[in-house]
Structure formats: C-alpha cells, structure tokens
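Here's the structure, in structure tokens; my notes come after.
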Amino acid sequence: MNPICLLLLIPILCAALHAKTGWYPFSAAVTLTCLVSVFPWADPRILAAYALSVIGDWFMAHSGGKNGDRMLLGGIAGFFLAHACFLLFSVDRADFSSGRLLWLIPSGAAAVGYALFLVRALYPAVPDRMLKIAATAYTGISLAVLTFSLLSSSAPIPKALFCFGIAMILFSDTLIALSRFLKKKGLGRWICPTYFACHILIAASMMAEAGFFG
C-alpha cells in the first residue's frame, strides 16, 4: 500500500473531532481534506463535487434558524450540483453490456422504494411545494448516480468503494428526511457519520483507481 493512502486518516480524524465537538468547521474539513488528498490525480468532476458539497454542507449546517427552509433549499441545490458532477463521472465509466445490466435490478428496486417513500411518507409531511420539488429532483439524481456507478467498468475495488460511497450519501439524505420532517430525531445522530463515510469512501476509490492500494 502506498503511504499516500495514509492521507485518508486526516478526514477520518476530522470526522471523529466533529462527532466529539459538533463544531461545523470539522465537518467542512472532512470534505476539504478528502479533496486535497486526491487533488493531484482525481478526475476534475470529483474535485468539483467535493467543492460543491462543502457549499451544500454550509447551507445545511445553518438551516436551523428562521430562514431554515431557504437554507435547506440552498443545501439541496449545492448537493444537487455535486451529484451532477458525480453523475457525469459515473456515466463516462458505465458499461451497458448485457451482463452488467443485471445491476439495474437493485437500482430499480431502490427507485421504487424511494418513490413510495416520497409519495406516502415525505410529501404529506412537507408543506412547502418548492421543498417537495427539490427533494424529488435530488432523490432522482442520487438514484441515477447509484445506477450508473453500479454499471461502472472500473476495477472491482474502486467500483465497490465508489458505489458504497454513493449509497452512504443516499442513506444520509434519507436520515435527514426522517429526522427533520418525520420527527425521527433519534436517527439524526447518524446523518454526519454516513455523510462523512461517503466522501472518505469516494476518496479511497480515487486512490484505488490510481493504484495506491497495491
């Protein structure tokens, strides 16, 4: 294993410090240190996704005040653009040969599950029409990224790390919806750990793709 991989310990440390203190700068530092750790060789779209995620994270972190819904929309917009970058990256690596199309089964099941979740659970709990539209668009692009990442022609290790990373951010966003709108407050403590896991796993995927894991 290349010593460069040890750079991943920095965002892991920042994540641990955020869990201990709850201080927002440690949250931003997780994503920024992931960006820096892969900057010399990662695809520019991945770097852009990290940068846009920091912006989205800032809005989300400040969405608890009287302008909470506006800040939440800003956060969703930032993360939507980040996912657009992840989507462009994933589409370039997608392989549509017949054997890989079997991966459409789990992604299709996820799409059906999330459609039911939106219609039956989230929409009735969200009074703001713009938030409903934003949540629908964001869920759609997240599922698209997951689908194309499952169809990736990348080597098994970087593919698996990237797919798990995208699954983690989708899970984190689901926890936000459950905690904020469906009043499942106990789930809120897992939002940041799963969000951080996404960015760390994607950074690990970039390192694996560059051959640093051996």
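Highest mean packing comes first when the peptides 89-97, 74-82, 26-34 are listed by Cβ atoms within 10 Å, giving 26-34, 74-82, 89-97. Per the Debye calculation on the range 43-102 with a single equal scatterer at every Cα and no solvent contribution, log₁₀ I(q)/I(0) for q = 0.17, 0.23, 0.27 Å⁻¹ amounts to -0.61, -0.81, -0.95. Straight-line cross-link partners of K185 among the lysines, defined as a Cα under 17 Å from its Cα and at least 8 positions apart when in the same chain, are absent. Checking the cross-link pairs K66/K183; K159/K183; K159/K184; K132/K159 against a 29 Å limit on the alpha carbon distance flags K159/K183; K159/K184; K132/K159 as lying beyond it. Given +1 at the Cβ of Lys and Arg, -1 at the Cβ of Asp and Glu and no other charges, the dipole of the chain around its Cα centre is 740 debye to the nearest 20.
Positive end of the dipole of the range 3-209 (Cβ unit charges, origin at the Cα centre): among L187, G74, T31, the Cα lying farthest that way belongs to L187. The ellipsoid that matches the Cα gyration tensor of the range 60-188 has semi-axes, each √(5λ) in whole angstrom, of 29, 15, 13, with the longest given first. The spacing between the range 73-113 and the range 154-214, judged by their C-alpha centroids, is 14 Å.
Rule-based calculations on the coordinates, nothing more; no lab input. The structure displayed is predicted, hence computed values, not measured ones. Cβ: placed from backbone, ideal geometry, glycine included. Neighbour counts: every protein chain shown.
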